[in-house]
Amino acid sequence: MSDGDRPWVAVVTGAAGQDGFYPTRRLLDDGYVVHATIRRGHGPATAPIDSAAVVHELDLEEPEGHARLIADVKPDEFYNLGGMSSVAASFVDPAAAWRTNANAVEAMLDAIRDHSPTTRFYQASTSEMFGWEPGQDAVHDEDSALRPQSPYAAAKAAAHLMCVAHRGAYDLRVACGILFNHESSRRPASFLTRKVVDHVRALRATPAAVRRTRPLAMGNMAAERDWGFAPDYVDGMRRIIRQVEVRAAVGGKPADQDRGASYRDYVLGTGQLHAVWQLVDRAFELAGFPLDWERTGEPRHWSASFRGSSRVAVTVDPAFIRPVDPPAIRADASRAMTELGWTPRPGLDPFLREMLGEDVREA
């Protein structure tokens, strides 16, 4: 995209991660000049970023660096996709979760207000903000109450509310995408889906791997989540940040005025629930290792064996059970689907097949 003779400029934080990688590539394909920020010390040579991007090593715990970048380049679009993304890690270091996921966002918003008030700002909010209480609905939309139950979720909820406040008080073009779980081969090893896929791929490494490899140790396999395929959610992010034009195109109506009052937040999710044990079961099956399950009694006692064998394939390790873990979280993304024309691919197969790659084809 371009504005006359000038190409549009975008900043993407956390560009070395899953959520940052895909939009960086898409923006470059659209003709943007992309300033991609990565954690200091990560190194542009090792970060999985397109070489056409302008790479900056900036820590979110040093927000003045991003403020200077905003003042210097005055981006048309700013995608804040960085920060601590692990719920488990936030229990270990809650202060770091707050600094990267809350304080950094406030600094970015203040810099946009002071130096680049026409910038469109996308904030990566999360379904973890909704939490869960017994007797409460597990289906969440944009108006659902926020009940964060982890330091990560609390910091993200604070950032989300700051975005709403800055949009209302200063008429900034700010929009949050409240994303439910979205997966791809770009997930780091600390995430559940990657842990499962890496284990299954290891089983296929040699014929003796099944006999030699220890069982996959899991946490709460009864928990249910709304999982989707990450590239679909990147399409949703782009629709959210460009919502003024997108809503007009989808609805066949004149566009709203491009100002903060015209921006709103959107939930992105498939609307389908799958339990953790179902995800594990499908990953093993796609790789050619069907399982027989023992799911009687408490979930902490569940296990699975390779079909037709007594060899244990999956067990529960109490060390992996979180202090607080909502039993089910599901999205109602009808607003994004209706207003923005967003359509995600449902089910576990789209991302599991992509993550398993050649292992699926061999199986």
| note | Looking across the stretch 250-284 at residues that are under 29 Å from Gly168 (Cα atoms), of a type in the set (A, V, I, L, M) and touching a residue at least 60 places away in the same chain (Cβ under 8 Å), the single one that is surrounded by the fewest Cβ atoms within 10 Å (Cβ to Cβ) is Ala261
| Only one of Arg68, Arg26, Arg99, Arg40 is open to solvent by 10 Å² or more (accessible area, probe 1.4 Å), in a loop (DSSP other than H, G, I, E, B) and either out of contact with any His (no Cβ under 8 Å at 6 or more places or on another chain) or farther than 26 Å from Tyr170 by Cβ (or both); which? | Arg40
| message | Tell me whether the stretch 326-333 contains one or more residues that are at pLDDT 95 or above, surrounded by fewer than 16 Cβ atoms within 10 Å (Cβ to Cβ) and of a type outside the set (Asp, Glu). | response | no
| query | Based on what the data block shows, is Arg173 open to solvent by 50 Å² or more (accessible area, probe 1.4 Å) and not β-branched (Val, Ile, Thr)? | reply | no
| What are the pairs, 6+ residues apart or on separate chains, where a residue within the stretch 83-99 that is more than 18 Å from Leu161 (Cβ to Cβ) has its Cβ under 8 Å from a residue that is modelled with pLDDT under 85 and surrounded by fewer than 16 Cβ atoms within 10 Å (Cβ to Cβ)? | Ser86/Ser190; Val87/Arg322; Ala88/Ser190; Ala88/Arg322; Ala89/Ser190; Phe91/Arg322; Phe91/Pro323
| task | List the strands (runs of 3 or more DSSP E) that sit entirely inside the stretch 245-363 and contain at least 2 residues that are farther than 27 Å from Phe180 by Cα and of a type in the set (D, E, K, R). | result | 291-294
| field | Some residue of the stretch 264-278 being of a type in the set (Asp, Glu) and under 18 Å from Val312 (Cα atoms) | value | no
| query | Can you spot a residue in the stretch 183-193 that is at negative phi, open to solvent by 30 Å² or more (accessible area, probe 1.4 Å), within 16 Å of the chain's Cα centre (by Cα) and among the aromatic types (Phe, Trp, Tyr)? | reply | yes
| Leu286 farther than 30 Å from Gly131 by Cα and out of contact with any Asp or Glu (no Cβ under 6 Å at 6 or more places or on another chain) | yes
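Listed here are the residues, each with its yes/no results for (1) open to solvent by 30 Å² or more (accessible area, probe 1.4 Å); (2) at pLDDT 95 or above; (3) farther than 30 Å from Val244 by Cα.
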residue	(1), (2), (3)
Arg300	yes, no, yes
Phe320	yes, no, yes
Trp342	no, yes, no
Leu348	no, yes, yes
Arg353	yes, yes, yes
Glu362	yes, no, yes
| query | Given the residues Glu142, Glu106, which is the only one that is within 22 Å of the chain's Cα centre (by Cα) and in a helix (DSSP H, G or I)? | reply | Glu106
| So how many residues does the stretch 183-210 have that are within 18 Å of Glu128 (Cα to Cα) and either at pLDDT below 95 or charged (D, E, K, R) (or both)? | 5
| query | Would the stretch 107-115 turn up any residue that is over 20 Å from Glu339 (Cα atoms), surrounded by fewer than 23 Cβ atoms within 10 Å (Cβ to Cβ), in contact with an Asp or Glu (Cβ under 8 Å, 6 or more places away or on another chain) and among the aliphatic types (A, V, I, L, M)? | reply | yes
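The values are calculated or read from the model by the stated rules, or taken from the named source; none is laboratory data. This is a predicted model, so every value here is computed, not measured. Cβ: placed from backbone, ideal geometry, glycine included. Neighbour counts: every protein chain shown. Remember, those area values only see protein heavy atoms, side chains included, never the ligands or the DNA or RNA. Shrake-Rupley method; radii C 1.70, N 1.55, O 1.52, S 1.80 Å.
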